[in-house]
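Derivation of every value follows stated rules applied to the coordinates shown; laboratory data play no part. The structure displayed is predicted, hence computed values, not measured ones.
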C-alpha cells in the first residue's frame, strides 16, 4: 500500500520469512562487506511450524 489508509482488514494473515539477509554496507553507503560476510544467492530449503499459543485467550 502506498499509504496506511489504503490498507483494508481482511481474513488473510501474510507472513514473510527471510532465509538470509545481506547487511548494510553493500556499497550504497560505503564499502561492501568483507568477503566472509557476503551473501550469495543459492538454492536453500527451510521449514517452520505455526502453532497456537495455549496461553492465549
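Quick notes
- Potential extension, residue 39-residue 7 segment - 0.36 nm per residue separation minus Cα distance: 8.2 nm
- Counting 0.36 nm for each residue step from residue 47 to residue 22 and taking away their Cα separation leaves a gain of 7.0 nm.
- For Rg/Rh (Cα atoms, Kirkwood Rh), the candidate list reads [x] 1.13; [y] 0.97; [z] 1.28; the entry that matches the value derived from this model is [x].
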